[in-house]
Amino acid sequence: MKTIKRILISAAASLAFMGVAAQDAMPRPAAVDAPMELSDSLELHTALLNEGFIIPSDELYPTWENSGVHYTAKLPDSLRIDLRRYAMPTTNTKITDVFGYRPRRRRAHHGLDIKVQRGDTIRAAFDGKVRITAYQRRGYGHYVVIRHSNGLETVYAHLQRKLVTQDQNVKAGDPIGLGGNSGRSTGPHLHFETVLMGKALNPALFFDFPNQRATCEYYTYYKPGTRRYDAKSGRMIVEGPEPKYHKVRKGETVSTIARKHGVSQRTIFKLNGINSRTILRIGQSLRYQ
């Protein structure tokens, strides 16, 4: 009986969101200092969420766990991510480090670093539920992970202080922490990640920090290898492959690594910003695809 009740409630919430989708035309930030102007259907969903009847994205994530920053689940071939009801995590606009492989540090960077001052308010990007609040001395420092109703999870790291607790429901714009320099950090900044079912996606796909706005109303994620029709070109296209990395072992060179993975040395040089004079370190990650 409880299972049936849960299904009916989830279905009602889904229908509610469909109603809101037809009404909203432009993305807009959620109010921070004033109550949000919500439709009845969105109020229903929020009430159900706050009462614990549903959890964010329970149709995508099979379980709710409070361990592991990057919760891994089977990715769908595509997912339309709603960005309309958002809040910028910080009012600061200066990006100090970008997403992707960093040749200078020889490792991948899974988020954006935004310059903040100690004590600056950090806010939830979307409505959701706090999955993790924890501390890593040699990593994220004080950090918060939130799972959102649109399918994304967001990570807020190097905080001075956390203002929310595990399993707490939050709305877009709610304060969730204070900016800081905790953990493995060389100065006060917010390390911000956007993650879909364990896969780190570039936050710049969703948030334009310099202009303090969302990039679009909806972002559609396509899993690598997925075939889809591109309306602009009128052709079927295949999404590109995932980046792949090789961890350097003792005695390996760019030449031996290139042969092992069937690529050219030039490809490895280009992908990693190195050249034939670069000295490889044991344990270093080199991208080869």
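Values quoted throughout were computed directly from the atomic coordinates according to the rules given, and no laboratory measurement underlies them. As the structure is a computational prediction, the values presented were derived from the model and not from experiment. Reconstructed Cβ throughout: ideal geometry from the backbone, glycine too, with neighbour counts over all protein chains shown.
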Exercise for review: With label points built 7 Å along Cα→Cβ from the Cα atoms of residue 226 and residue 250, find their separation and express it in nm.
Suggested key: 4.4 nm
Review point. When you count, for each residue, the other Cβ atoms within 10 Å and take the mean per peptide, how do 197-208, 152-163 rank with the highest first?
Key: 152-163, 197-208
Review point. So for the pair residue 264, residue 161, with labels modelled 7 Å out along Cα→Cβ, what separation do we get in nm?
Key: 5.7 nm
Point to revise | Spin-label pair residue 280/residue 216, simplified geometry with 7 Å Cα→Cβ offset, distance in nm | key: 3.8 nm
Practice item. Would you mind checking 223/270; 74/162; 199/244; 129/162; 247/270 for any pair whose Cα atoms are more than 20 angstrom apart? Key: 223/270; 74/162
